[in-house]
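Everything on this sheet refers to the single structure shown next.
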Amino acid sequence: MATQFILLDRDTPYILPPCVQDYLPEEHMARFVVEIVDQLDLGALSAVYAGKGKRPYHPAMLLALLFYGYATGVFSSRKLEKATHDSMAFKYICANENPDHDTINSFRKRFGKEIEGLFVEILVLAEALGLLKLGTVSLDGTKIKANASQHKALSWDYANQLEAQFKQEVDALMKLQEAADNAPLPEDMDVPKELKRRQDRLEVIAKAKQEIQARAKVRYAQEKAEYDEKLAKREKHLSETGKKMGGKAPQAPTDAPQAKDQVSLTDEESRIMPTPNGFEQAYNAQASVDIASHLIVAHHITQHTNDKQDRFQHQPEIDETPLSPVEAMTHRFTTKAGKALYGKRKSTVETVFGIIKHVQGFRQFHVRGLESVQSEWNLVCIGWNLKRMHGLRG
């Protein structure tokens, strides 16, 4: 007997048009995201619209679209636009509307600061739902690749070489232009165009050198403070013991740029940072994660390579003198209980970073500049929190 398959009918129209409420099961995460967004205070966003021209999409819909996208690994505005056509979940969120990628991207850029303020509101809702009860948090950072090519970076040494080269070429072109009245120019030679091209490059180089020099001064201020502190310790040791402290004397820092100091020409606010894949143009993304719920309770972007706040000196013995909060915390992490607590970081914040990067697929920022990157990291953290809150509630 032949197998009777379920008939596939793609041609018969619906007697009644379908409702978006029929698209998804009741416990679907897209429904949860819409429910959370509907409880947020969006007055600061809505008030910006002037009420003129073409009717805009409601901020609640665009927010839910972004939040659900970042929670499920759909980050770019073009992919979000495509998802509104292809995915039932995104169709539900947008109520069968299809905002284009320019609209999505403009909304994300325009309301970056306002969306950052919603991060705390969502945490308040998590607490109200019984999903968050702040206790111990774990802080760490992870390097995330910038939207910049490492090969389009300019070092101090190479910038000086290029500057000298272009200045020589400008001088040669100027002389060629001056001699044009007495001798014909080479065929197809457009001297004004060639001059402008080199002058434009010299402006780019000058700006890059200025940025490298500014960074060198910041580095010098930090190194000078450390140098003065080391000298003070050596002098104190000498005055108390009458003997010089062992080891090499610290070298005085310099505020001059080093040959390999460099700046990115595509995102000058990113920095070269060590990553598991080698050195890359990146940002250091910080997050504080609640150990019990694995929700991100604070986040930040820094251009510093090292997480100095995660370094603790070993102090097995302390005296009876009162300790500052930092000293007390440092000592606590040398105890057995403190080490056990610190060890939980691997199963909290590092796990969160791992899922964000390798499961949700956020390994590179899609925007440029520190302020824009901070706004996108905020969206990543909100996306993670909504995904986690949905899991905890379920």
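State the number of residues belonging to region 61-82 that are open to solvent by 20 Å² or more (accessible area, probe 1.4 Å) and either among the small types (Gly, Ala, Ser) or part of a loop (DSSP other than H, G, I, E, B) (or both).
3
Go through (1) surrounded by fewer than 17 Cβ atoms within 10 Å (Cβ to Cβ); (2) part of a loop (DSSP other than H, G, I, E, B); (3) touching a residue at least 12 places away in the same chain (Cβ under 8 Å) one by one and return the number of the condition PRO99 breaks.
(1)
In region 185-212, which residue that is open to solvent by 80 Å² or more (accessible area, probe 1.4 Å) and under 30 Å from HIS304 (Cβ atoms) is farthest from the chain's Cα centre (by Cα)?
Taking the candidates together, the pick is GLU203.
So which pairs qualify, if the first residue must be in region 42-59 and under 18 Å from ILE122 (Cα atoms), the second must be of a type in the set (Ser, Thr, Tyr), the Cβ gap must be under 7 Å, and the two must be at least 6 apart or on different chains?
These pairs meet every condition: PRO59/SER46.
Given the residues LEU42, LEU123, LEU129, which is the only one that is within 29 Å of ASN284 (Cβ to Cβ) and either of a type outside the set (Phe, Trp, Tyr) or crowded, with 17+ Cβ neighbours inside 10 Å (or both)? Please lay out each step first, then the result.
Details: LEU42 fails: within 29 Å of ASN284 (Cβ to Cβ); LEU129 fails: within 29 Å of ASN284 (Cβ to Cβ).
Of the residues listed, the single one that is within 29 Å of ASN284 (Cβ to Cβ) and either of a type outside the set (Phe, Trp, Tyr) or crowded, with 17+ Cβ neighbours inside 10 Å (or both) is LEU123.
Scan region 278-292 and tell me whether some residue there is at pLDDT 95 or above and under 19 Å from ALA216 (Cα atoms).
Looking through region 278-292, at least one residue is at pLDDT 95 or above and under 19 Å from ALA216 (Cα atoms).
Select from region 243-274 the residues that are surrounded by fewer than 12 Cβ atoms within 10 Å (Cβ to Cβ) and free of Cβ contacts under 8 Å to residues at least 40 places away in the same chain and list them in ascending order.
LYS243, LYS244, GLY246, GLY247, LYS248, ALA249, GLN251, ALA252
Pull up region 276-294, narrow it to residues that are touching a residue at least 12 places away in the same chain (Cβ under 8 Å) and more than 18 Å from the chain's Cα centre (by Cα), then point me to the one that is nearest to PHE365 (Cα to Cα).
Of region 276-294, the ones touching a residue at least 12 places away in the same chain (Cβ under 8 Å) are 279-294.
Pick out the ones that are also more than 18 Å from the chain's Cα centre (by Cα) and you get 290-294.
Working: ASP290: 24, ILE291: 26, ALA292: 28, SER293: 26, HIS294: 23 Å.
Of everything passing the filter in region 276-294, HIS294 is nearest to PHE365 (Cα to Cα).
Among the residues of region 376-390, write down those that are open to solvent by less than 50 Å² (accessible area, probe 1.4 Å) and within 21 Å of LEU125 (Cα to Cα). Can you show your working first?
Step one: filter region 376-390 for residues open to solvent by less than 50 Å² (accessible area, probe 1.4 Å), giving 376-386, 389-390.
If the condition is that a residue be open to solvent by less than 50 Å² (accessible area, probe 1.4 Å) and within 21 Å of LEU125 (Cα to Cα), then TRP377, ASN378, LEU379, VAL380, CYS381, ILE382, GLY383, TRP384, ASN385, LEU386, MET389, HIS390 are the ones that fit.
May I ask you to list the residues in region 5-32 that are β-branched (Val, Ile, Thr) and outside any loop (DSSP other than H, G, I, E, B)? If you could, list the steps in order and put the result at the bottom.
If we filter region 5-32 for residues that are β-branched (Val, Ile, Thr), which is where we start, we get 6, 12, 15, 20.
Once the filter is applied, which keeps residues that are β-branched (Val, Ile, Thr) and outside any loop (DSSP other than H, G, I, E, B), region 5-32 yields only VAL20.
Within region 117-137, is there a residue that is assigned to a strand (DSSP E or B), out of contact with any Phe, Trp or Tyr (no Cβ under 9 Å at 6 or more places or on another chain) and at negative phi?
If we filter region 117-137 for residues that are assigned to a strand (DSSP E or B), which is where we start, we get 137.
Then drop every residue that is not out of contact with any Phe, Trp or Tyr (no Cβ under 9 Å at 6 or more places or on another chain), which leaves 137.
Within this subset, residues satisfying the condition of being at negative phi are 137.
Yes, region 117-137 contains at least one residue that is assigned to a strand (DSSP E or B), out of contact with any Phe, Trp or Tyr (no Cβ under 9 Å at 6 or more places or on another chain) and at negative phi.
Answer with yes or no whether GLU240 is among the charged types (D, E, K, R), part of a helix (DSSP H, G or I) and loosely packed, with under 11 Cβ neighbours inside 10 Å.
yes
Looking only at residues in region 28-39 that are without any contact (Cβ under 8 Å) to a residue 60 or more places away in the chain and surrounded by fewer than 18 Cβ atoms within 10 Å (Cβ to Cβ), which one is nearest to PHE107 (Cα to Cα)?
First, the residues of region 28-39 that are without any contact (Cβ under 8 Å) to a residue 60 or more places away in the chain: 34-35, 37-38.
The next check asks that each one be surrounded by fewer than 18 Cβ atoms within 10 Å (Cβ to Cβ); those that pass are 35, 38.
Details: GLU35: 20, ASP38: 18 Å.
If we take residues in region 28-39 being without any contact (Cβ under 8 Å) to a residue 60 or more places away in the chain and surrounded by fewer than 18 Cβ atoms within 10 Å (Cβ to Cβ), then ASP38 is nearest to PHE107 (Cα to Cα).
Checking the condition of a type outside the set (Gly, Ala, Ser), without any contact (Cβ under 8 Å) to a residue 12 or more places away in the chain and either open to solvent by 30 Å² or more (accessible area, probe 1.4 Å) or part of a loop (DSSP other than H, G, I, E, B) (or both), which residue from LYS143, LYS167, LYS175 passes?
Values: LYS143 fails: without any contact (Cβ under 8 Å) to a residue 12 or more places away in the chain; LYS167 fails: without any contact (Cβ under 8 Å) to a residue 12 or more places away in the chain.
It is LYS175.
Of everything in region 102-120, what is of a type in the set (Gly, Ala, Ser) and open to solvent by less than 60 Å² (accessible area, probe 1.4 Å)? Give them in sequence order. Write out each step before concluding.
Filtering region 102-120 down to residues of a type in the set (Gly, Ala, Ser) leaves 106, 112, 117.
GLY112, GLY117 - these are the residues of region 102-120 that are of a type in the set (Gly, Ala, Ser) and open to solvent by less than 60 Å² (accessible area, probe 1.4 Å).
The values are calculated or read from the model by the stated rules, or taken from the named source; none is laboratory data. The structure presented is a predicted model; accordingly, all values stated were derived computationally and were not measured. We place every Cβ from the backbone using ideal geometry, glycine too, and count neighbours over all the protein chains shown. Surface accessibility is based on the protein's heavy atoms, side chains included, excluding ligands, DNA and RNA. Shrake-Rupley method; radii C 1.70, N 1.55, O 1.52, S 1.80 Å.
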